[in-house]
Amino acid sequence: MPSANLDAACFQVPSQSSLAPKAPSSHPPKILLLYGSLRERSYSKLLTLEAARLLEAMGAETRVFDPLDLPQPDAAPDSHPKVKELRELAAWSEGMVWCSPERHGAMTGILKSQIDWIPLSVGAVRPTQGKTLAVMEVSGGSQSFNAVNQMRILGRWMRMITIPNQSSVAKAFLEFDEAGRMKPSAYYDRVVDVMEELIKFTLLTRDSAPYLVDRYSERKESAEALSKRVNQATIQPRVKPDGGPSRE
């Protein structure tokens, strides 16, 4: 038997039928890609562009955000053109790719600033909730996973569906030709794997995302807020004989 603390009105038993959309989407998956370096020859940008090409070859529609001129969080109003652009792209997307260099053993502040500008909620809309996420990193030395691990934590915090696979490209300066295209390698094959998995997860979850991220605690909170608002609306102020409101 469930605990007596359970709110029966808000409790739901998950069902297979609720996962099936009534009308599956037929448009191309919409993927936003973010990278974390402003260098002229940025390997995180080159890897991101390579990923975008693969996604488009797999039938996706992509947008790559350029972080140049994006202000630091809280250093400009939300109406700043670059902030508005980023937030509109986040709302547009059904999935994302985050790619960062590893700098001082961590993801860069450039990528973190982009994520920090994406709010957890805008009114009743959560820009990232239930959207898919793939994470990648590049490093100048041996292979590391510090940046991707940090991005996974951020993805969870942003309530995204972070796919199991990931990419970490070591000695990135050796992996791209003069034209900026990624050379054939096991690293390249892994990027293909990651983008393929991202598309599959996006197709699988995009129509069911609202149901997948629907939470008992939030249903309960919403029900309590609605009850409070309705009850307040039904309380009529007492009126004194002279027609003025009573202070009793």
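The values are calculated or read from the model by the stated rules, or taken from the named source; none is laboratory data. Since the model is a prediction, treat every value here as computed from it, not as a measurement. Neighbour counts are summed over all protein chains in view; Cβ atoms, including those assigned to glycine, are modelled from backbone coordinates with ideal geometry.
Of note:
- Residue among R152, R126, R156 that is at pLDDT 95 or above and out of contact with any helix residue (DSSP H, G or I) (no Cβ under 9 Å at 6 or more places or on another chain): R152
- Of residues in region 51-73 being under 20 Å from the mean Cα position of the chain (by Cα) and charged (D, E, K, R), the one surrounded by the most Cβ atoms within 10 Å (Cβ to Cβ): R63
- Of all residue pairs spaced 6 or more apart or on separate chains, those with beta-carbon atoms under 8 Å, a first member in region 156-169 that is on the phi > 0 side of the Ramachandran plot and a second member that is at pLDDT below 95 are R159/L120; R159/R126; R159/T128; R159/Q129; R159/G130; R159/V213.
- In region 74-105, the residues that are more than 17 Å from P127 (Cα to Cα) and surrounded by fewer than 15 Cβ atoms within 10 Å (Cβ to Cβ): D74, A75, A76, P77, P81, H104, G105
- Residue tally, condition touching a helix residue (DSSP H, G or I) at 6+ places or on another chain (Cβ under 7 Å), closer than 25 Å to R219 by Cβ and either among the aromatic types (F, W, Y) or in a helix (DSSP H, G or I) (or both), over region 1-55: 3
- Residues of region 176-230 that are polar (S, T, N, Q), at pLDDT below 95 and either touching a Gly at 6+ places or on another chain (Cβ under 8 Å) or surrounded by 15 or more Cβ atoms within 10 Å (Cβ to Cβ) (or both): T205, S208.
- Being basic (K, R), at pLDDT 95 or above and more than 21 Å from L198 (Cα to Cα) holds for only one residue in K30, K82, K22, and it is K82.
- Sole exception among (1) touching a strand residue (DSSP E or B) at 6+ places or on another chain (Cβ under 9 Å); (2) within 30 Å of A225 (Cβ to Cβ) for L33, by number: (2)
- The residue that is farthest from L54 (Cα to Cα), among those in region 128-153 that are surrounded by 20 or more Cβ atoms within 10 Å (Cβ to Cβ) and under 9 Å from the mean Cα position of the chain (by Cα), is T128.
- Taking (1) surrounded by fewer than 19 Cβ atoms within 10 Å (Cβ to Cβ); (2) farther than 30 Å from Y211 by Cβ; (3) within 19 Å of the chain's Cα centre (by Cα); (4) touching a residue at least 60 places away in the same chain (Cβ under 8 Å) in turn, S113 satisfies each apart from (4).
- Checked against (1) of a type in the set (D, E, K, R); (2) within 26 Å of V169 (Cα to Cα); (3) out of contact with any Ser or Thr (no Cβ under 7 Å at 6 or more places or on another chain), D74 passes all but condition (2).
- Residues satisfying the stated conditions in region 171-219, i.e. farther than 25 Å from E137 by Cβ, part of a helix (DSSP H, G or I) and either of a type in the set (S, T, Y) or in contact with a His (Cβ under 9 Å, 6 or more places away or on another chain) (or both): Y211, Y216, S217
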